[in-house]
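Asks: One structure follows; several queries about it will come next.
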Amino acid sequence: MSVALYYSPGACSFAPHVILREAGVSFELRKFSTADRSNYLPEYLAVNPKGRIPALLIDGFVLTENPAVLAFLGRRFPDARLYPPPGTEPEARCLEWLAWSSNTVHVAFAQILRPERFVSSQDDYQAVQASGHQNFQRCLADIDTHLDGSDFAVKGQFTVVDPFWLVFFRWGVRQGYNMKSSYPAYTRYVESLSQRPSVVAALEAEGISLWA
Ligand SMILES: N[C@@H](CCC(=O)N[C@@H](CS)C(=O)NCC(=O)O)C(=O)O
């Protein structure tokens, strides 16, 4: 089986990156950095015509859209126990958090980083970014509140959602938010998850830190 993850350092592709390591799968990392817009090179558009990161090559096909990639990996490698048993409430919660992480948290952050996606006039960028900060920080607060009573996104179990939440934490750090004082439960969770060998190895491979 040939598996390849198309990623950009520190992007949301970090989540499937960690999950592939958790699953013990042998895979290739193929870097297309969003920082220099390599994700719009013809070589990557041939893989994912949307130009967005991540894309996963597995079992002879390419899969895009992070929630689909994460849920698929969780189910594809059941022995790694990264995804709750299908048809149970924990699975429903896992899907609920994946959907929200993608369609609400990620989109709020995109308002900050990519205002041009939301409005056509540059004059409006600042307003979109200001509302993005509000929306994104509300999401971080929701995660913090949830983690005050739970070790993981899905109670009692590390799942494919958790490395997605590591990504958002790092993005908050990089926006200059005071994560420790604003989101103490979230900070404790990141401190704990950052001990996992999969996370340590993925951070090293991408050349990034969760704290900078
Ligand atoms: N709906 C997509 C969104 C993916 C996405 O926007 N990824 C970002 C990186 S975190 C990206 O490709 N940004 C580059 C760009 O917008 O040009 C998904 O969930 O996979």
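Asks: Specify the residue with the greatest mean-square fluctuation among 52, 188, 117, computed from a Gaussian network of the chain linking alpha-carbon atoms under 10 Å apart.
Replies: Judging by the Gaussian network model, the answer is 117.
Asks: Considering only 192, 120, 150, give the residue with the highest GNM mean-square fluctuation for the chain, with springs between Cα atoms whenever their separation is below 10 Å.
Replies: 120
Asks: Given the -39500 (n - 2.57) contribution per DSSP H run of 4+ residues, what per-residue ellipticity at 222 nm results for the chain, rounded to the nearest 500 deg cm²/dmol?
Replies: One gets -14500 deg cm²/dmol as the mean residue ellipticity at 222 nm.
Asks: Please give the per residue accessible area of the range 4-80, computed with a probe of 1.4 Å over protein heavy atoms only, in Å². Present the calculation step by step, with values, prior to reporting the outcome.
Replies: On the way: 3370 Å² over 77 residues.
Per-residue accessible area for the range 4-80 comes out at 44 Å².
Asks: Using the 2.2 N^0.38 Å rule of thumb for compact globular proteins, work out how the range 1-83 stacks up: its C-alpha Rg over that value, please. Numbers along the way, then the final one.
Replies: Details: Rg = 12.1 Å, N = 83, 2.2 N^0.38 = 11.8 Å.
Relative to the rule-of-thumb radius for its length, the range 1-83 sits at 1.03.
Asks: Given H placed on each backbone N at 1.01 Å, which residues far from residue 154 in sequence or on other chains put an amide H within less than 5 Å of it?
Replies: 159
Asks: Also, I was wondering about something else. Which residue fluctuates the most in the chain, going by a Gaussian network model with Cα springs under 10 Å, if the choices are 29, 147, 113?
Replies: The residue that fluctuates most here is 113.
Asks: Oh, and also: Taking the alpha-carbon distance from residue 50 and a cut-off under 26 Å, which lysines remain once sequence neighbours fewer than 8 residues away in the same chain are dropped?
Replies: Straight-line reach from residue 50, under 26 Å: 31.
Asks: If you don't mind, there's one more thing I want to ask. Taking θ = phi - 60°, what integer Hz values does the Karplus form 6.51 cos²θ - 1.76 cosθ + 1.60 yield along the range 2-7, in sequence order, with x for Gly and Pro?
Replies: Per residue, the Karplus-derived 3J(HN,Hα) values read 9, 10, 9, 10, 8, 9 Hz.
Asks: To continue, here is another question. Given the Cα-Cα distance of residue 201 and residue 181 and 0.36 nm per residue of separation, how much length would full extension add, in nm?
Replies: Numbers: separation 20, 0.36 × 20 = 7.20 nm, distance 2.74 nm.
In short, 4.5 nm is gained.
Asks: Within 10 Å, count the other beta carbons around each residue, average over each peptide in 95-101, 83-89, and list them highest first.
Replies: By packing density, highest mean first, the sequence is 95-101, 83-89.
Asks: Please compute, over every Cα-Cα pair in the chain, the percentage with a separation greater than 30 angstrom.
Replies: 19 percent
Asks: Roughly how many percent of the accessible protein surface of the range 27-170 is carbon and sulfur, given a 1.4 Å probe and a whole-percent answer? Walk me through the numbers on the way to the answer.
Replies: Numbers: 3660 of 7250 Å².
Answer for the range 27-170: carbon and sulfur cover 51 percent of the accessible area.
Asks: Still on this model: Can you give me the long-range amide H partners of residue 55? Hydrogens built in the peptide plane at 1.01 Å from N, cutoff under 5 Å, separation of 5 or more residues or another chain.
Replies: Counting only residues 5 or more places away or on other chains, the set is 6.
Asks: Let me ask something else. If you count only protein heavy atoms with a 1.4 Å probe, what accessible area per residue comes out for the range 89-196, rounded to a whole Å²?
Replies: Value for the range 89-196: 48 Å² per residue.
The values are calculated or read from the model by the stated rules, or taken from the named source; none is laboratory data. Bear in mind that the values here come from a model prediction, so they are computed numbers and not experimental data. Backbone-built Cβ (ideal geometry, glycine too); neighbour counts: all protein chains shown. In case anyone asks, the SASA skips ligands and DNA or RNA and just uses the protein heavy atoms, side chains included. Shrake-Rupley method; radii C 1.70, N 1.55, O 1.52, S 1.80 Å.
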